[in-house]
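**Q** Could you have a look at this structure, given as structure tokens, before my questions?
Read the figures in this text as sums done on the coordinates, not as results from a lab. None of the values given here were measured: they were computed from a predicted structure. A quick note on method: Cβ atoms are made from the backbone with ideal geometry, for glycine too, and the neighbour counts reach across all protein chains shown.
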Amino acid sequence: MSAQPKKSKAFSTISVLSYIGNSICALLAMILLIASISNGTNLSKSGSFDALFGSLMGVMAVMAVLVIVMCYLCIMGVAKMKKGNKRGLLYYLIGNGLWVVLLIYAGREGSLVYLSSALISIGFTGFYAMMLPKLS
């Protein structure tokens, strides 16, 4: 018998979905980061913008880095929870909480895509919080 309590198949499924979703989101943010830095430096050399971080491209680069960090925190949190570490929920809450705040801010004018994405993320967080007592 293992010392770790057996986790449900739902936990495994939600974990895999979290890995896939956060990996795709981080990959897209990396593409945005590369594109914004390369376009920002090209625009600053042409004289259209004063500098990279004084332009809209700089704002996009900072947001991309923020999203990459949030995705990393979520992936690390899920990995720790799968190993039975309760601290993983804290990492997941920080990363996913910031993500939910960004989605609600983006959907403040009533965009159903952003608001429904925020609700799905809140559902994932709620599921992991319910699984907390089963972690060792």
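**Q** Any idea how far apart residue 66 and residue 23 come out in nm if each label point goes 7 Å out from Cα toward Cβ?
**A** In this crude label model, residue 66 to residue 23 measures out at 2.7 nm.
**Q** Same structure again: Report the charge-dipole magnitude of region 9-134 in Debye, nearest 20, computed about the Cα centre from +1 at each Lys and Arg Cβ and -1 at each Asp and Glu Cβ.
**A** For region 9-134, the charge dipole is close to 700 debye.
**Q** Enumerate the residues in region 114-136 having an amide nitrogen under 19 Å from the point lying 7 Å beyond the Cα of residue 83 toward its Cβ.
**A** In region 114-136, the label zone of residue 83 (backbone N under 19 Å from the point 7 Å along Cα→Cβ) covers 132-136.
**Q** Determine ³J(HN,Hα), in whole Hz, for all residues of region 67-83 in sequence, where each value follows from phi through the Karplus function 6.51 cos²θ - 1.76 cosθ + 1.60 and θ = phi - 60°; x replaces Gly and Pro.
**A** Each residue of region 67-83 in turn: 5, 4, 5, 5, 5, 4, 4, 5, 5, 5, x, 5, 4, 5, 5, 5, 7 Hz.
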